[in-house]
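Participant: Provided herewith is a single structure, encoded as structure tokens, for subsequent inquiry.
The values are calculated or read from the model by the stated rules, or taken from the named source; none is laboratory data. Computed from a predicted model, the values in this text were never measured in an experiment. Cβ placement follows ideal geometry from the backbone for every residue including glycine, while neighbour counts extend to all protein chains displayed. These accessible areas exclude ligands, DNA and RNA; they are computed on the full protein's heavy atoms, side chains included. Shrake-Rupley method; radii C 1.70, N 1.55, O 1.52, S 1.80 Å.
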Amino acid sequence: MSATAAPSVATGTASALRRLYFVRFAFAIVWALVMFTMTKEISPVAAVLLVLYPLFDVGAAVVDARSSRDDGSPTLLYVNMAVSLIAAVGVGVACASGVPAVLRVWGAWAIVSGLVQLIVAVPRRRLGGQWPMIVSGAISILAGASFVSSAGADDPALTSAVGYAVPGGIFFLISALRLGRTAKES
């Protein structure tokens, strides 16, 4: 009986993650395309978009936690929700101080959320499609350190932080495509 339940739980989780990853890919690419036009200074629209990105991450973590509840403990996803919510507030506050402050908050968020993504993806390897998430988490940690470092540059810009969304989105797309095999198993 448990042998029958295990594949269906994995299949359900893989299917839900696949849909979520496709949505995350689309959001990241559209967000980056819009934000690339606003990387030198923080306009009110840019501030809203900068806050929206970590808020979207909160929503995605909620969906992820709900869909993978039967497949393992969602504790780290709850941590990610809290970290991303704090990042959204922090970015909102930092927007009033300028690009360097935003880069510092964005970088700290990228480091912590990348670490969480890495730790969550490792036990999910059996679902398939998680190696891109592992690589993405590791890259996020390195990128976050780069954002914090670039905040001290002579003329800091949000270009690298915005560009960070593109490979992240591509990694979600690759994972979604790779999860297709697990999602189709019965």
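Participant: Report in % the part of the accessible area of the chain that belongs to carbon and sulfur, leaving out ligands and nucleic acids; probe 1.4 Å. All intermediate terms of the calculation are to be shown ahead of the outcome.
Facilitator: On the way: 6220 of 8950 Å².
With neighbouring chains kept in place, the figure for the chain is 70 percent.
Participant: Further question: Please give, to one decimal in nm, the separation of the simple spin-label points placed at Val45 and Tyr78, each 7 Å out from Cα toward the Cβ.
Facilitator: Between Val45 and Tyr78, the label points sit 4.0 nm apart.
Participant: Moving on. To the nearest 0.05, how large is the calculated FRET efficiency for Arg69 and Val93 if R₀ is 35 Å and r is the Cβ-Cβ distance?
Facilitator: 0.60
Participant: I'd like the distance between the alpha-carbon centres of the stretch 23-42 and the stretch 45-120, rounded to an integer number of Å.
Facilitator: Distance between centres, Cα-based: 16 Å.
Participant: Additional query: To the nearest 20 debye, what is the magnitude of the charge dipole of the stretch 33-186 about its Cα centre, counting +1 on the Cβ of each Lys and Arg and -1 on the Cβ of each Asp and Glu?
Facilitator: Here the stretch 33-186 has a charge dipole of around 520 debye.
Participant: Another one. Would you work out the relative contact order for the stretch 36-91, in percent, from Cα pairs under 8 angstrom that are 6 or more residues apart?
Facilitator: Relative contact order here is 44 percent.
Participant: Another one. In the chain, with Lys and Arg counted as +1 and Asp and Glu as -1 at Cβ, which of these residues, Thr39, Leu158, Val79, has the Cα nearest the positive end of the dipole, that is, farthest along it?
Facilitator: Toward the positive end, the furthest listed residue is Val79.
Participant: Ok, one more. Per residue, what volume in Å³ does the Cα convex hull of the stretch 29-186 take up?
Facilitator: Per residue, the Cα convex hull of the stretch 29-186 comes to 93 Å³.
Participant: Then there's this: Counting only heavy atoms of the protein chains, get the accessible area per residue of the chain (1.4 Å probe) and round it to a whole Å² value.
Facilitator: Ligands and nucleic acids excluded, the result is 48 Å² per residue.
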